[in-house]
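S.K.: Got a structure here, written out as structure tokens. Questions coming.
The values are calculated or read from the model by the stated rules, or taken from the named source; none is laboratory data. Since the model is a prediction, treat every value here as computed from it, not as a measurement. Methodologically, a virtual Cβ is constructed for each residue, glycine included, from the backbone with ideal geometry; neighbour enumeration extends over all protein chains shown. Just so you know, the surface numbers come from the protein's heavy atoms only, side chains and all, with ligands and any DNA or RNA stripped out. Shrake-Rupley method; radii C 1.70, N 1.55, O 1.52, S 1.80 Å.
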Amino acid sequence: MNLWHPGDPLLWQGRDDSAEADNALRLFQTVCVSPHFAPHAQGIALLGFACDEGVRRNQGRTGAADGPQAIRQALANMASHTGHKRLVDMGNIRPEGQDLTAAQQALREAVRACQQKKMRTLVLGGGHETAFGHGAGVLDAFPVEKVAIINLDAHLDLRRAREASSGTPFRQLAELCDAQQRDFRYCCIGVSRAANTMALWDEAAARQVRVIEDLAVLNDFNGQVLPEIARQIAGADRIYLTLDLDVLPAHEMAAVSAPAALGIPLAQLMRIIEPLCRSGKLQAVDLVEFNPRFDSQGMGAKVAARLAWQIAHWWQ
């Protein structure tokens, strides 16, 4: 597997309460760290995409390449409950130099291999360039099925550019869907109108993207968000969920390239994620843009880890 590196078992450490009871366990005691890239039937493949070349190209604050390791460390000491024993640390994809194309292709191939073995994929980014490699792998694995792409994000990331970046992944996925002669089913929830140019809104309209703005999420959750989630679930065979942590308000998540002045609170975000996890159609999830360089108190890592923990716990 190109650009693949095994996971580090030393990251998985925590408090040992096993003397208390047989089930007094934490994730570091139940996760399987695979020494080889060998997808097997069932389970949740935990993959890192240790890359922020796309963020650099998009003129953002770099450092998200260190995100996968920091999130793993924050996950390690969390209690192990239903669903968590399915987690298999399948290591990291790391780019060589500034070759983003090769890194995205390596992630695409790794995801496709896992999905074809009936594993679900939980990818820890990395910048939002993660989404093209991850989403492409899911599309490849299910060539004749309806795949809904749901992005929880302040940004549409449909940018036109000469080269791929963290601002282009959904345009790339749209073009891939065109090439595969399938519908581009893209829904973006939490979008900040202040953070997206009119050109991006025009592109979203031309691509028939379903968009729910941050204000609509905050002011009319039951009227706009829940019906859209139900529509997405009903209309899809498989769902790919990508969660850009800059959708959270800056006071809850400052450790990203572009902190949100408004954002969607964590508790409300959970209300969006839960029905997707329990739908039976959620095939793949990623958490992107976490940047440990701006996480002086370590709280950002805990928020990202709690999201990953909750997704694995709810994942039907």
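S.K.: Select from the range 135-152 the residues that are out of contact with any strand residue (DSSP E or B) (no Cβ under 8 Å at 6 or more places or on another chain) and not aliphatic (A, V, I, L, M) and write down the one among them that is most open to solvent (accessible area, probe 1.4 Å).
M.R.: Checked the range 135-152; the qualifying residue most open to solvent (accessible area, probe 1.4 Å) is Pro143.
S.K.: Failed condition for Gln297, given (1) in a helix (DSSP H, G or I); (2) surrounded by fewer than 19 Cβ atoms within 10 Å (Cβ to Cβ), with all others met?
M.R.: It is condition (1) that Gln297 fails.
S.K.: Within the range 97-134, can you find the residues that are open to solvent by 10 Å² or more (accessible area, probe 1.4 Å) and either at positive phi or at pLDDT below 95 (or both)?
M.R.: Gly97, Lys118
S.K.: So Val247 fits all but one of (1) over 18 Å from Pro292 (Cβ atoms); (2) free of Cβ contacts under 8 Å to residues at least 60 places away in the same chain; (3) open to solvent by less than 20 Å² (accessible area, probe 1.4 Å); what number is the exception?
M.R.: The one condition Val247 does not meet is (2).
S.K.: Scan Pro265, Pro227 and give me the residue that is at pLDDT 95 or above and within 30 Å of Arg293 (Cα to Cα).
M.R.: Only one candidate qualifies: Pro265.
S.K.: So Ala74 ticks every box in (1) closer than 23 Å to Ala174 by Cβ; (2) out of contact with any Phe, Trp or Tyr (no Cβ under 6 Å at 6 or more places or on another chain); (3) in a helix (DSSP H, G or I) but one. Which box is left unticked?
M.R.: For Ala74, the exception is condition (1).
S.K.: For a quick check of your reading of the model, give me the residue pairs whose first member lies in the range 271-288 and is open to solvent by 10 Å² or more (accessible area, probe 1.4 Å), whose second is of a type in the set (S, T, N, Q), with beta-carbon atoms closer than 6 Å and at least 6 apart or on different chains.
M.R.: What qualifies is Arg278/Gln316; Gly280/Gln316.
The rows are residues; the columns are (1) farther than 24 Å from Cys277 by Cβ; (2) touching a His at 6+ places or on another chain (Cβ under 9 Å).
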| residue | (1), (2) |
| --- | --- |
| Gln105 | yes, no |
| Thr121 | no, yes |
| Phe132 | no, no |
| Phe142 | no, no |
| Glu163 | yes, no |
| Gln180 | yes, no |
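S.K.: Looking at Glu20, Glu53, can you tell me which residue is open to solvent by less than 30 Å² (accessible area, probe 1.4 Å) and of a type in the set (D, E, K, R)?
M.R.: After applying the criteria, what remains is Glu53.
S.K.: Starting from residues that are of a type in the set (A, V, I, L, M, F, W, C) and buried (at least 18 other Cβ atoms within 10 Å of the Cβ), keep the ones in the range 23-36 and report whichever is farthest from Ala79 (Cα to Cα).
M.R.: Only one residue tops the list, namely Val33.
S.K.: When you go through Arg193, Arg231, Arg210 one by one, which is the residue that is in contact with a Leu (Cβ under 9 Å, 6 or more places away or on another chain), over 26 Å from Leu100 (Cα atoms), open to solvent by 60 Å² or more (accessible area, probe 1.4 Å) and of a type in the set (Lys, Arg)?
M.R.: Arg193
S.K.: Still on this structure, please answer the following. For the range 181-204, which positions are more than 23 Å from the chain's Cα centre (by Cα) and over 26 Å from Pro249 (Cα atoms)?
M.R.: Gln181
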